[in-house]
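Below is one structure, written out as structure tokens; the observations come after it.
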Amino acid sequence: MERRTLIGGLLLSSGIIGVRWPVAARGRRDSEANEEAMWRLRNAHEFFPKADFVRPADLLYQVGIVSQLALTACLVATGWSDDDCRRHVGQDVGKAFFLANGGGLQFHSESFARLMPLLSPYGRWRPPAAVDWRERGTIDADEVRFTVSRLLAAVRSHLVSADAKAKRQ
């Protein structure tokens, strides 16, 4: 894990620093934001890797996209725009993870914590990947799929419960 990501996450989770939400997020959840968040989550499911890959880089690139779409769905549900996500998060899955958890997502996984440094930024795995293969170590494709599927389930649960809570208020 990159040192900045680890330290930022520790500070964020301990409450020493707060999450700076874009101006658009200061409003209350509305059905339009939740619909857009669910649309992102459906797209994440569509990108979910179903087949085996010849190159591990292809798997990492695809699960990077899936993770980013799922995590930014949490941000969009709180009022972030697509432009906010692009500007403040980009392809940094680690940053999206810490912001989503700071916004209420309850997903804690040692497997995902090990996977995050490989996925941030996930664009480096885009063909032709010019990354040192020793950096990735050994990747168990089934474990990666299982871990990311757990992330998708946690995001879905978060979005559904947040939408239900907003409707009750």
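No lab work stands behind these numbers, since they all come straight from the coordinates. Just so we're clear, the structure is a prediction, and the values are computed from it rather than from any experiment. Glycine gets a Cβ as well: all are built from the backbone with ideal geometry, and neighbour counts include every protein chain shown.
Modelled label positions at residue 55 and residue 139, each set 7 Å beyond Cα in the direction of Cβ, lie 1.1 nm from each other.
Alpha-carbon geometry of the range 45-118: the Rg and the Dmax are 12.7, 39 Å, given in that order.
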